[in-house]
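A.B. asks: My structure is below; once you've seen it, I'll send some questions.
The values are calculated or read from the model by the stated rules, or taken from the named source; none is laboratory data. It should be emphasised that the depicted structure is a prediction, and the values quoted were computed from it without experimental measurement. Please note: Cβ atoms are built from the backbone with ideal geometry, for glycine as well, and neighbour counts cover all protein chains shown.
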Amino acid sequence: MFQLLLLAAAPLVGRSWAAGGEQLQKPLVDIDVNADVLELPLSANNTFSHLGAPLSLASLAAAASSHGLVALHFAEDVAPATLSFHSTSAAATVDTTIAWLDSPRPGRDLAVSSAAVRRGASISAEPGLAQLALHTPYISLPAALYQVIALATKPEPATAAAGSGSEDMVVDCARWAMGVWPDIVVGFGAEGEGLEVVVTPEQYVMEREREGNGADAQKECVLMVREGEGEGLELGWAAARRWTVWLDFEGGRTGLGF
């Protein structure tokens, strides 16, 4: 895993971006430009659908305009993510430890060479483009891949508290703990020359307290994978747990550190 110490290596400044486009929007988390490292709360309680953490891409792009390089580190669990801003010269110190992908709009329209669900055998889909959707925990897959995940995990609608509007799907926690569900595997860059990212069941299923049970609340396991539209993919922050994501707005590239 990429070392968190790198996140505090340079001063913090501000810039911001949005999931749906390039227009500016109000950041979902206030940015303290005098801090070295910001903590962004992630939560496994209640519904995930209302969470605004950590930030949309448009919010980050606007906040980082002075230094141009943003780093977000996601822990394996739902501990707070950390966010820091760096000068573009800092990129030279991390080139050997990060896989960089060309992306004129960092985090968006990442070239995908392959997309598959793999557990022993591999089932693939025609690759499209991938987006980092760090404003949400959810992972959106092409229909063919989502159906394979659904067949393996057998999700059912969560029992939502009245008026919550939850559309979450839950899976059997005991079966999840057995470690027999498939991985989601995404290849970036030129085929045979790029980066292969593996999203495991430990990342695409998240445990939380069941709604409406008060002090006696039981745990339930939520499937963070949804069926998307078309052949593209969206990777929310649930998929990015264990990663450090680098967004180089000045250099037009996206970096992934593990």
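A.B. asks: If you take just the strands (runs of 3 or more DSSP E) that sit entirely in the stretch 98-209, which of them hold at least 2 residues that are touching a Lys or Arg at 6+ places or on another chain (Cβ under 6 Å)?
C.D. replies: So the answer is 99-102, 183-188.
A.B. asks: In the stretch 214-252, which residues are more than 17 Å from Val198 (Cβ to Cβ), modelled with pLDDT under 90 and of a type in the set (Lys, Arg)?
C.D. replies: If the condition is that a residue be more than 17 Å from Val198 (Cβ to Cβ), modelled with pLDDT under 90 and of a type in the set (Lys, Arg), then Lys219 is the only one that fits.
A.B. asks: Another question about this same structure. Read through the list (1) surrounded by fewer than 18 Cβ atoms within 10 Å (Cβ to Cβ); (2) modelled with pLDDT under 85; (3) over 20 Å from the mean Cα position of the chain (by Cα), then give the number of the only condition that Arg119 fails.
C.D. replies: Just one mismatch for Arg119, condition (2).
A.B. asks: Condition first: surrounded by 14 or more Cβ atoms within 10 Å (Cβ to Cβ), closer than 25 Å to Leu57 by Cβ and at pLDDT 90 or above. Can you find one or more residues in the stretch 88-101 that meet it?
C.D. replies: yes
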